[in-house]
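Engineer: My structure is below; once you've seen it, I'll send some questions.
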Amino acid sequence: MKELSFFQTCGKYGTVKLAINGELPESLSDEFISDILYGVLSSINDKIQEKMMSNDQALLDQLKRESEELKSLFGSEIIYVRYIENQYLNYGYFKLRKWLEVTTRLGVIIVGWRKRVIEIDWSKSDIKEKAETLFHNEDVTYGDYYIHAWGLDKAKEYIDILLKQ
C-alpha cells in the first residue's frame, strides 16, 4: 500500500494531519485520484475544525455578541428574527457565524458578516428602491437589492435608510 493523499492544517486549535493509504488500479491517473482524495480529506478536516471551534466557548461568546450587535441595528423595527446559514461561506468558522433573517414592518431583511463586511439584503422585503438609487454616493460593493457595509456604524446608517422607505 502507498500513500495516495495527504492533508495537513495548522492553526489555533493545533495541527491536523490526515492521510489516505491504499492501492488503486493503474488505469486511474494520479491527478484524478489526488483531486478526489484531496476533497475527501479537506471535508474531513472541515468537520474536525468545526467540532473544535464548537467547543471554544470564547469563540461562541464572540459570535453571540456579533449576532446581538446585528440585531441591535434594527432597533424597535424588529418583529421576528430567524438565524440562518451563513450566506457567504458555510464551512469552518463561517458555519458557526450565522446570519439573521430579520422581519420588519417592511418585510424581511437579511444581514450577516462576510469576512470583513456586513451584507444587507432587502430583496425579500417590500422595499423596491434599488441600491444604486439609495446609495449612489457610497463607494462599496452593492447590487440591485443588497449592499456591503464596512462596519456596524455604516450598517446602521444603511438599515436606517432602508427602513425609511
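Values in this text are rule-based calculations from the coordinates and carry no lab data. As the structure is a computational prediction, the values presented were derived from the model and not from experiment. Cβ atoms come from the backbone with ideal geometry, glycine included; neighbour counts cover every protein chain shown.
Engineer: Please give the Cα centre distance for the stretch 7-71 versus the stretch 93-109, rounded to the nearest Å.
Structural biologist: If we compute the Cα centre of each part, the gap is 26 Å.
Engineer: Ok, one more. When ranked by the protection proxy of mean other Cβ atoms within 10 Å per residue, highest first, what sequence do the peptides 114-120, 33-39 form?
Structural biologist: Top of the packing list down: 114-120, 33-39.
Engineer: Please state, rounded to one decimal and in Å, the Kirkwood hydrodynamic radius that the stretch 112-165 gives when every pair of distinct Cα atoms enters the mean of 1/r.
Structural biologist: 11.1
Engineer: Quick one: 3J(HN,Hα) in Hz for the stretch 132-139, Karplus 6.51/-1.76/1.60 with θ = phi - 60°, rounded, Gly and Pro as x.
Structural biologist: Whole-Hz 3J(HN,Hα) from phi for the stretch 132-139: 4, 6, 6, 10, 4, 8, 8, 9.
Engineer: Something else: Rounded to the nearest 20 Debye, what is the dipole magnitude of the stretch 1-110 about its Cα centre when Lys and Arg each give +1 and Asp and Glu each give -1 at the C-beta?
Structural biologist: Roughly 580 debye for the stretch 1-110.
Engineer: I would also like to ask the following. Quick one: helix 30-54 against the long Cα principal axis of the chain, what's the angle to the nearest 10°, folded into 0 to 90?
Structural biologist: 50
Engineer: Translational diffusion coefficient, Stokes-Einstein: compute it for the stretch 58-163 using the Kirkwood radius over C-alpha pairs as Rh, at 20 °C and 1.002 mPa s, and state it as an integer in µm² s⁻¹.
Structural biologist: Estimated diffusion coefficient is 155 µm²/s.
Engineer: Per DSSP H run of at least 4 residues, take -39500 (n - 2.57); add these up for the chain, divide by its residues and hand me the 222 nm value, nearest 500 deg cm²/dmol.
Structural biologist: Value at 222 nm, helices only: -11500 deg cm²/dmol.
Engineer: For the stretch 2-54, report the % of Cα-Cα distances exceeding 16 Å.
Structural biologist: Tail of the P(r) past 16 Å holds 44 percent of the pairs.
Engineer: Report, ordered by chain and residue number, the lysines lying within cross-link reach of Lys128, taken as a straight Cα distance under 24 Å and ignoring same-chain residues fewer than 8 apart.
Structural biologist: Cross-link targets: Lys71, Lys154, Lys156, Lys164.
Engineer: In degrees, nearest 10, range 0 to 90: what is the angle between the Cα axis of helix 152-163 and the longest Cα principal axis of the chain?
Structural biologist: It works out to around 50 degrees.
Engineer: Right, here's the next one. Just need log10 I(q)/I(0) for the stretch 1-96 at q = 0.20, 0.21, 0.25 Å⁻¹, Debye formula, equal scatterers on the alpha-carbon atoms, no solvent, rounded to two decimals.
Structural biologist: -1.02, -1.08, -1.29
Engineer: Which aspartates and glutamates, on any chain, are close to Lys98 with Cα under 14 Å apart, when same-chain ones fewer than 8 places away are left out?
Structural biologist: Glu50, Asp61, Glu66, Glu68, Glu69, Glu85, Glu119
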